[in-house]
1. Say whether the condition of being acidic (Asp, Glu), touching a Leu at 6+ places or on another chain (Cβ under 9 Å), more than 19 Å from Ala374 (Cβ to Cβ) and surrounded by fewer than 24 Cβ atoms within 10 Å (Cβ to Cβ) is met by at least one residue in segment 109-126.
2. Evaluate segment 109-128: report whether one residue or more is in a helix (DSSP H, G or I) and more than 26 Å from Gly366 (Cα to Cα).
3. Restricting attention to segment 380-391, does a residue exist that is under 15 Å from the mean Cα position of the chain (by Cα) and not assigned by TED's automatic domain parsing to the domain that holds Thr263?
4. Got a number for residues in segment 19-28 being surrounded by fewer than 17 Cβ atoms within 10 Å (Cβ to Cβ) and at pLDDT 95 or above?
5. How many residues does segment 246-289 contain that are assigned to a helix (DSSP H, G or I), surrounded by fewer than 24 Cβ atoms within 10 Å (Cβ to Cβ) and of a type in the set (A, V, I, L, M)?
6. Mind checking whether some residue in segment 81-95 is surrounded by fewer than 18 Cβ atoms within 10 Å (Cβ to Cβ) and either assigned to a helix (DSSP H, G or I) or more than 15 Å from the chain's Cα centre (by Cα) (or both)?
7. Checking the conditions here, which among Val251, Val212, Val197, Val240 is without any contact (Cβ under 8 Å) to a residue 40 or more places away in the chain and over 21 Å from Val175 (Cα atoms)?
8. Do we find a residue being β-branched (Val, Ile, Thr), crowded, with 20+ Cβ neighbours inside 10 Å and either modelled with pLDDT of 95 or more or in the same structural domain as Thr276 (by TED's automatic domain parsing) (or both) anywhere in segment 201-210?
Amino acid sequence: MGRIWIRGGRLLDPASGCDEVGDLLVEDGRIVAVGAGLEAGDGDVIDAKGRWVAPGFVDLHVHLREPGEEYKEDIASGGRAGVAGGFTALVCMANTHPINDDPSVTEYILDRARQESPARVYPVAAATRGLAGEVMTEMVALFEAGVVAFSDDGKTIMDSNVMRRVLEYSGLVRVPIITHAEDRTLVCDGVVNEGAVSTRLGLPGNPAVAEVVHVARDLLLAELSGAHLHVAHVSTAGAVALIRAARERGVHVTAEVTPHHLTLLDEAALGYDTNTKMAPPLRGSSDVEACRAGIADGTIDAIATDHAPHAVHEKDVEFTAAPPGVIGLETAVPVTLDLVRQEQLSPLEWVRRLSTNPTRIIGRPGGSLAVGAAADLVLIDPDRHWIYDPAKGYSKSRNSPWAGREMIGRATVTIVGGRLVYDVDRGVLVP
């Protein structure tokens, strides 16, 4: 592992508040010098003029599908898609086959990641056995195996007493409990946001109150237990308001929002395109604006993709029969840069939501350009125009609502542990 000189980039380091043009030197996997006009020496030189240099992005919500559904995605392909999107670390959900509710599955995922993924991989374990919402998993054993959080993501824990115990016992390991906040008795068979669009489509609606009710319950239980609750893929104005109020009264809550819930309206589903089917669904304009305001004022801490790959034949069915979810690792940068272009986030705060805050939530090192920090880095060209074609991307799946669209902004270089793993002109570099 040699030296890499990054010259003349705009250094964005939320951890220190740094936003200035300068140079950065990487050696032996760590940042060893930062400043203006560093004297160049031996090693590879990257001209970063006109680009942003930031700590590597961390995606708090990814479905890598391995083990069990490798035809959709695997740890290798997901890792390649991640670094192509500027993500140096991926936090992968537990709904694999077998489910990650046993240390042996956690160890398998970590072993595969070490061998196959250019990005770091941090597993999330199931909060209950079999994601059934009934019996808690062995949290201490799973934590010792290497998990960073617990969640029944995609399967709501409907039993309030089980959720209470999950939150209470998480205190033994001091990691977040990630909630997929949807009251299933209110969602029923809903597949799109309940409202005018569901009526026009003639499809069953998923009401916003299903999320709001469940967020309210979980916040109260987090307040009771003192545990760290992390609310996944917030999509409603009501949930944003509840999280803001809970934080003001001292509840330990963090939250994430996806690029699609920040930028797309439920009207996108009017053509019955199953690539606009998500859980929770795309919402109306007032919910989108509330989510944007929440990410801007810090109520929502992080942007996470909820990257959910599905095969073409699984999505190419009737809307009600298609699985929910879209891929998002390679499009998160250009899609969310809209927040910067609209001046709702500064470049420094945008990086904070994608890097510094996610590392803080999972309690892992990163999110900093400080001397001595691990050299997990991304270079962003905020003005690069390109057409997104998922067929030319690194994910095995193609289910993107942005297929064929012109994008502005792109991750151009990704470095993980001091190793160049992605260059936009050469692709993913796997030794």
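The values are calculated or read from the model by the stated rules, or taken from the named source; none is laboratory data. Keep in mind that this is a model prediction, so the values were computed, not measured. So basically every Cβ, Gly included, is an ideal-geometry build from the backbone, and we count neighbours across all protein chains shown.
1. Within segment 109-126, the first condition is being acidic (Asp, Glu), and the residues that meet it are 111, 116.
The next check asks that each one be touching a Leu at 6+ places or on another chain (Cβ under 9 Å); those that pass are none.
No; the residues of segment 109-126 include none that is acidic (Asp, Glu), touching a Leu at 6+ places or on another chain (Cβ under 9 Å), more than 19 Å from Ala374 (Cβ to Cβ) and surrounded by fewer than 24 Cβ atoms within 10 Å (Cβ to Cβ).
2. Keep residues of segment 109-128 that are in a helix (DSSP H, G or I), which gives 109-116.
Those left that are additionally more than 26 Å from Gly366 (Cα to Cα): none.
No: segment 109-128 contains no residue that is in a helix (DSSP H, G or I) and more than 26 Å from Gly366 (Cα to Cα).
3. So in segment 380-391, the residues under 15 Å from the mean Cα position of the chain (by Cα) come out as none.
No, segment 380-391 has no match at all.
4. Step one: list which residues in segment 19-28 are surrounded by fewer than 17 Cβ atoms within 10 Å (Cβ to Cβ), which gives 19-21, 28.
Those still in the list that are at pLDDT 95 or above too: 19-21.
Residues flagged as surrounded by fewer than 17 Cβ atoms within 10 Å (Cβ to Cβ) and at pLDDT 95 or above within segment 19-28 amount to 3.
5. 5
6. Pass one, segment 81-95, residues surrounded by fewer than 18 Cβ atoms within 10 Å (Cβ to Cβ): none.
The answer is no; no qualifying residue exists.
7. It is Val212.
8. First, pick out the residues of segment 201-210 that are β-branched (Val, Ile, Thr): 209.
Now drop any that are not crowded, with 20+ Cβ neighbours inside 10 Å, which leaves none.
Within segment 201-210 (the criterion being β-branched (Val, Ile, Thr), crowded, with 20+ Cβ neighbours inside 10 Å and either modelled with pLDDT of 95 or more or in the same structural domain as Thr276 (by TED's automatic domain parsing) (or both)), the answer is no, since none of the residues qualifies.
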